[in-house]
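Enquirer: One structure, as structure tokens, below. Some questions next.
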Amino acid sequence: MAKEAAFSCNACGAVYSKWSGRCDACGEWNTITEDVPLSTGPGKAALGARRGAAVRLSALSGTEAPVRRAGSGLGELDRVLGGGLVPGSAVLVGGDPGIGKSTLLLQAAARFGAAGLKVAYISGEEATAQVRMRAARLGLAEAPVMLAAETNLRNILTTLEAEAPGLVVIDSVQTMWLDTVESAPGSVSQVRAAAHELVRFAKSRGAAVILVGHVTKEGQIAGPRVVEHMVDTVLYFEGERGHQFRILRAVKNRFGPADEIGVFEMTGDGLTEVQNPSALFLGDRERPAPGTVVFAGIEGTRPLLSEFQALVSPAPAGQARRSVVGWDGGRLAMILAVLEARCGIPFAGLDVYLNVAGGLRIAEPAADLAVAAALLSAREDIALPSGTVIFGEISLSGALRPVGQTETRLKEAEKLGFKAAFVPERSKTGDSGVGVRELPDLAGLVGDMFGAG
Ligand code: TYD
Ligand code: MG
């Protein structure tokens, strides 16, 4: 039988059946190497003959002690982790360079240390002096955290095995390298091998390991998601340049809900938790302006109010522009089409800009109705009544569908002083102090907002 060879690119992870000098996927030269599968070599054919040891199977119904989690006391971080760090788990924290990952993890390390966990912070990017300076700036100079500046993973693992910390922070996984892997630090093979060793350390020693990963231009943790599937929890630290808000978002979590977010603010003294993110994302609205609508959303397990802003203006000759920040462009196109087809309100020949204030990214279909209202309000230059929130999903027929957790959304709106809400018919509104206006369809919204439309 011919040996099946597989080759992969060390830069981007693309897989090939034969070697070539240049990777078609990323365009890099001399990055393709042969993957040596673990099952090749002398023992391979013997799998049928040589039998493995029997594995003990147990009943699903067995009892297991509940996972004990370590809390940092940073409520926003603990919640995103699903209630604290699970011993023996591996967490990846990804984000753009400069977004504040090292700051967050140094602060978290100090908190975990103060809470009694033995913490090792390994920096592959900064010298210990730099980390100390940052700690001093954050007021954490005396925090019980052990520090090392090292990139050689063999040395790091030897040290960790001797010191047996309860939490290891690796900043960043891209700087780590193993002498058994031939490619350069930062390459896919190195990152994959380093993450593999560190995850194995976490599992075998019951220590929690947090890996920092820089996101590449394409928005993936280098290389293409090679680390994400190895770890238990993937968190992204996001934010817009020029904004102080930072959002820690769980995109995968074996020990808690995904899609949970934690909100922080970057200040001169490091990151501070934002306890009431709705108030933050609404900013200081005085009067509603045409084109702005407050959406009562749910992020993870928490209600969050945010503001959609739309601008509609005559397009100069040629293609009308559709520009979206913080919301899905395809979904915007759909809502424009439904407004035109079901309500007779055309947007042809008009530029449409849609933005979520504060650099927030919203993915819920529940925002459909808020987007439609913002578009209508901008197009007609009529502001919505003040103190109003909106949410609901729009179907292609123009009908409105109730969305989950209506009561939670309304309660949050009430808490922030909102008096009225537009929601789809048949929503389970419960009892809140917000006056609810139930709408059967999109035409109903148009009628409500602009008299007869
Ligand atoms: P950093 O944590 O180094 O980012 P990353 O590790 O994701 O690359 O944060 C870098 C930015 O944060 C830097 O531009 C300065 C800013 N910063 C503050 O605004 N306040 C602070 O207290 C600290 C430590 C950093
Ligand atoms: Mg850093």
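Values in this text are rule-based calculations from the coordinates and carry no lab data. Predicted model only: the values in this text are computed from it and were never measured. When we count neighbours, we look across all protein chains shown, and the Cβ atoms used for this are built from the backbone with ideal geometry, even at glycine.
Enquirer: List, in order, the whole-Hz ³J(HN,Hα) value for each residue of segment 419-431 obtained from phi through the Karplus relation with A = 6.51, B = -1.76, C = 1.60 and θ = phi - 60°; use x for Gly and Pro.
Expert: 10, 9, 9, 9, 9, x, 4, 6, 5, 7, 7, x, 10
Enquirer: Now for a separate question. Using θ = phi - 60° and the Karplus relation 6.51 cos²θ - 1.76 cosθ + 1.60, list the HN-Hα couplings for segment 243-253 in order, rounded to whole Hz, with x at every Gly or Pro.
Expert: Karplus-based 3J(HN,Hα) across segment 243-253 equals 10, 8, 6, 10, 10, 9, 10, 7, 9, 8, 7 Hz.
Enquirer: Using +1 on the beta carbon of Lys and Arg, -1 on that of Asp and Glu, and nothing else charged, what's the dipole of the chain about the Cα centre, debye to 20? Walk me through the numbers before you get to the answer.
Expert: On the way: 45 positive and 49 negative charges, 233 e Å.
Here the size comes out at about 1120 debye.
Enquirer: Show the residues, 5+ positions off or on another chain, whose built amide H is closer than 5 Å to the amide H of Glu150.
Expert: Ser123, Gly124
Enquirer: Still on this model: Give me the net charge of Ser89's neighbourhood, meaning all other residues with Cβ under 9 Å from the Cβ of Ser89; Lys, Arg count +1, Asp, Glu -1. Let's see the in-between values first.
Expert: Working: positive: Lys203, Arg254; negative: Asp232.
Neighbourhood net charge equals +1.
Enquirer: Return a whole-number percent for the relative contact order of the chain, with Cα pairs under 8 Å and 6 or more residues apart as the contact set. Intermediate results must be reported in sequence, preceding the final value.
Expert: Values: 927 pairs, mean separation 51.6, N = 453.
Averaging sequence separation for qualifying contacts and normalising by length gives 11 percent for the chain.
Enquirer: Provide the net charge surrounding Leu106, with neighbours chosen by a C-beta distance below 11 Å and charges set as Lys +1, Arg +1, Asp -1, Glu -1. Kindly include the intermediate steps, with their values, before the conclusion.
Expert: Working: positive: Lys101, Arg111, Arg132, Arg134, Arg137; negative: Glu126, Asp171.
With Lys, Arg at +1 and Asp, Glu at -1, the neighbours total +3.
Enquirer: Which entries of Lys118/Lys203; Lys118/Lys252; Lys18/Lys252 show an alpha-carbon separation above 24 angstrom in the structure shown? List each step's numbers first, then the result.
Expert: On the way: Lys118/Lys203 17 Å; Lys118/Lys252 26 Å; Lys18/Lys252 34 Å.
Exceeds cut-off: Lys118/Lys252; Lys18/Lys252.
Enquirer: Could you list which residues have their amide H under 5 Å from that of Ile298, counting only those 5 or more apart in sequence or on another chain, with H placed in the peptide plane?
Expert: Leu304
Enquirer: Hey, what number do you get for the chain at 222 nm if only DSSP H runs of n ≥ 4 count, each worth -39500 (n - 2.57), divided across all residues, to the nearest 500?
Expert: Details: 10 runs with 111 residues, N = 453.
Only helices count here, giving -7500 deg cm²/dmol.
Enquirer: Each residue of segment 202-212 in turn: what ³J(HN,Hα) in whole Hz from Karplus with 6.51, -1.76, 1.60 and θ = phi - 60°, glycine and Pro shown as x?
Expert: Result, ordered by residue: 4, 5, 6, 9, x, 9, 7, 10, 10, 9, 8 Hz.
Enquirer: In whole percent, what relative contact order does segment 279-450 give with Cα contacts below 8 Å and a gap of six or more residues? Could the numbers behind the result be given before it?
Expert: Working: 365 pairs, mean separation 42.7, N = 172.
Once normalised by length, the contact order is 25 percent.
Enquirer: Can you tell me the Rg and Dmax of the chain, counting just the alpha carbons, in angstroms?
Expert: Looking at the chain, its Cα Rg and Dmax stand at 26.2, 81 Å.
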